[in-house]
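Reviewing the structure listed below.
The values are calculated or read from the model by the stated rules, or taken from the named source; none is laboratory data. Given the structure is predicted, the values throughout are model-derived calculations rather than measurements. Cβ coordinates were reconstructed from backbone atoms using ideal geometry, including for glycine residues, and neighbour counts include every protein chain displayed.
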């Protein structure tokens, strides 16, 4: 349930401490500026004014931008090219004369020509003209407090610009960098987490195969399932705990992937290395494994939580997310390694249990004696 509520966010306040002088201003900026409306600046190559097909394609580009979700529409677009085309139609300028006429149209229009770049076009052997090569224009989009809608706006604009490569269009707005980062986490988080999970599972399998024989590989599948379950629970409870899908959460989740493997692998490897003896059920091997690793696992979790507790003194979303992630992965990792995995091993591993009852008691006693001798040797 928590995982389904995961929503993207890329607010500037996520990377600030709560008592920052800019925190309040950032909140107001986001609520009263980005949420009300946004004016995007576009820089594009100039169309060929003497080519009607080029002009039609350029107009199609502008129309698509004005048709993007949440667009204010044609009335918000500040574009001198449309004014020039209307001017040329009113004066009956022929297509072959359009490049000459645009120079006349722009003469004295410093508000337009200030940021224009030009290219030189040869008209005849002794005549050249300056034709606009690249210019900028504006169009507006309604704002939204929802980062998903903001991300959809930017993604739609990117798709429109990619459909018109000849214009080499770029666009700018203050929130674009934040939205671009949010879109990356939005679309890449699952893929990145999946790749990390697969990489660690592959490494874990290699380590198992290199240190254990084929008869001891039973725990591998349960470790993999437990490993995935820990990370799914961490993601879900982070969402329920008020954490959004942003770059901070993405980094913390990647960290928890590495944390989560420690607990389950320690328990599984220790259990797999227990000798399978006829008449000694898996519950005995589980008890021996817990005797060996339960204390270190509990101590490691306690020391980790004690260390990160100091971080809570700093009031910051980043550090709060870090502490929440560590707390969840430690708690769920220990539950999986000390309760869930042992229960699975006892219920599903029947190796060594199918023998005559007469031998069972004797073999259990031998296993206990062996354990006592091992402990004595260590002392």
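Annotations
Residue by residue, here is whether (1) within 18 Å of residue 47 (Cα to Cα); (2) surrounded by fewer than 18 Cβ atoms within 10 Å (Cβ to Cβ) holds:
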{"position": "104", "(1), (2)": "yes, yes"}
{"position": "120", "(1), (2)": "yes, yes"}
{"position": "140", "(1), (2)": "no, no"}
{"position": "163", "(1), (2)": "yes, yes"}
{"position": "169", "(1), (2)": "yes, no"}
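- Residues that are farther than 28 Å from residue 160 by Cα and out of contact with any helix residue (DSSP H, G or I) (no Cβ under 6 Å at 6 or more places or on another chain) within region 65-100 comprise 90, 91, 92, 94, 96, 97, 100, listed in sequence order.
- Condition check for residue 129: without any contact (Cβ under 8 Å) to a residue 40 or more places away in the chain, under 19 Å from residue 40 (Cβ atoms) and in the same structural domain as residue 154 (by TED's automatic domain parsing): no
- Flag for residue 365 being at pLDDT below 85 and closer than 29 Å to residue 262 by Cβ: no
- Only listed residue being over 29 Å from residue 28 (Cβ atoms) and assigned to a strand (DSSP E or B), chosen from 139, 161, 128: 128
- Subset of region 330-347 (residues that are free of Cβ contacts under 8 Å to residues at least 24 places away in the same chain and more than 17 Å from residue 303 (Cα to Cα)): 339, 343, 347
- Test: residue in region 32-44 that is in contact with a helix residue (DSSP H, G or I) (Cβ under 6 Å, 6 or more places away or on another chain) and under 30 Å from residue 147 (Cα atoms): yes
- Cβ pairs under 8 Å, 6+ apart, first in region 276-288 and in contact (Cβ under 8 Å) with a residue 12 or more places away in the chain and at positive phi, second assigned to a loop (DSSP other than H, G, I, E, B) and surrounded by 17 or more Cβ atoms within 10 Å (Cβ to Cβ): 279/352
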